[in-house]
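The values are calculated or read from the model by the stated rules, or taken from the named source; none is laboratory data. For clarity, every value in this text was computed on a predicted model and none was experimentally measured. Neighbour counts are summed over all protein chains in view; Cβ atoms, including those assigned to glycine, are modelled from backbone coordinates with ideal geometry.
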Amino acid sequence: MKAIILAAGYAQRLYPLTKDRSKALLSIASKPIISHIVDSLNKINVIDRIFVVTNDKFFSDFVEWKRIENLENVEIINDGTTDNNNRLGAIGDIDFVIREKNIDEDLFIIAGDNFVTFELNNFYEFHLTTGKDSVCINKVDDLKLLKGFATAFIDEKGVITRLVEKPLVPQSNLGVYAIYIYKKDTVSLFSEYLAGSNSPDAPGYFLQWLHKIKEVYAYKIPGEVIDIGTFESYKGAVERFGE
């Protein structure tokens, strides 16, 4: 299994904190957010390579981060974009890495701004029980916050039956997080999805398309995923866990 950490965004909502630094490199609980992710991914023994996809602006920062942390199983990939106007989007970046690295096996994908309070190996073990594409979900009570999520309906088996990315009026309080495990035969579908002129942006759009043609199982997380998307969410995380 391979893993992709998405870290190619420009995080304009977090300016000035992220004007000259990727939000994945912001510190929470004494180390960069992305370092927590890598530590957790490294506990999943089937993952033999972690690809961090970033942009040209922050590429050298991630190369230096990798050098300092001595991460031999991590590879930094530059998607070649320079600002918000020419960015590939999260799905575009996933497809870019799949094609650049000829990935033809199961794939773990996670957003680089997710501060996770549970072990990602728990999610992987859930995935093993289903043998299907899987995604992390949790109940979100804040209606304003929920509008920024993909929201899901699931059946009694935990299979997603309906999913809406960033709904104007959420009809489900189950928020979908950018933490996925896709089977080998699903990995090749990213190019098919993009060839259909679908949105290359939020990864939930791919899932919204995918669940209509394949079973996707939802894992109700045993902790929290704090999406560091705004200054308020970062400040709150630092207040709780330290910088």
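Could you check the stretch 164-201 and list, in sequence order, the residues that are of a type in the set (A, V, I, L, M, F, W, C) and either crowded, with 21+ Cβ neighbours inside 10 Å or in contact (Cβ under 8 Å) with a residue 60 or more places away in the chain (or both)? Scanning the stretch 164-201 gives 176, 178, 179, 181, 187, 190, 194.
Residue 38: β-branched (Val, Ile, Thr), crowded, with 20+ Cβ neighbours inside 10 Å, without any contact (Cβ under 8 Å) to a residue 60 or more places away in the chain and assigned to a helix (DSSP H, G or I), yes or no? Yes, satisfied. Looking across the stretch 219-243 at every residue that is of a type in the set (Ser, Thr, Tyr) and under 20 Å from residue 32 (Cβ atoms), the one that is surrounded by the most Cβ atoms within 10 Å (Cβ to Cβ) is identified as 234. The single condition among (1) in a loop (DSSP other than H, G, I, E, B); (2) crowded, with 18+ Cβ neighbours inside 10 Å; (3) of a type in the set (Asp, Glu) that residue 105 does not satisfy is (2). Is it the case, given these coordinates, that residue 216 is over 17 Å from the mean Cα position of the chain (by Cα) and either surrounded by 15 or more Cβ atoms within 10 Å (Cβ to Cβ) or under 29 Å from residue 13 (Cα atoms) (or both)? No; evaluated as a whole, the condition is false for this residue. Cβ-Cβ contacts under 8 Å between residues 6 or more apart (or on different chains), taken from a first residue in the stretch 79-94 that is farther than 14 Å from residue 7 by Cβ to a second residue that is in a loop (DSSP other than H, G, I, E, B) and hydroxyl-bearing (Ser, Thr, Tyr), are listed as 83/10; 84/10; 91/199.
Scanning the stretch 110-158 for residues that are under 13 Å from the mean Cα position of the chain (by Cα) and assigned to a helix (DSSP H, G or I) returns a single hit, 120. Only one entry of 11, 7 meets the criterion of being within 20 Å of residue 231 (Cβ to Cβ), of a type in the set (A, V, I, L, M, F, W, C) and touching a Lys or Arg at 6+ places or on another chain (Cβ under 6 Å), and that entry is 11. Within this structure, residue 204 passes the test of being within 29 Å of residue 230 (Cβ to Cβ) and free of Cβ contacts under 8 Å to residues at least 60 places away in the same chain. Residue 73 meets all of the listed conditions (1) free of Cβ contacts under 8 Å to residues at least 60 places away in the same chain; (2) touching an Asp or Glu at 6+ places or on another chain (Cβ under 6 Å) but one, namely (2). Pairing each residue of the stretch 214-239 that is free of Cβ contacts under 8 Å to residues at least 40 places away in the same chain with any residue that is among the charged types (D, E, K, R), provided the two are 6+ apart or on different chains, yields C-beta distances under 7 Å for 233/227.
Among the residues making up the stretch 94-113, those that are more than 17 Å from residue 192 (Cβ to Cβ) and of a type outside the set (A, V, I, L, M) are 100, 101, 105, 106, 108, 112, 113.
The single condition from (1) within 21 Å of residue 101 (Cα to Cα); (2) in contact (Cβ under 8 Å) with a residue 60 or more places away in the chain; (3) buried (at least 17 other Cβ atoms within 10 Å of the Cβ) that residue 46 fails is (3). In the set (1) touching a Lys or Arg at 6+ places or on another chain (Cβ under 9 Å); (2) modelled with pLDDT under 90, the condition left unmet by residue 164 is number (1).
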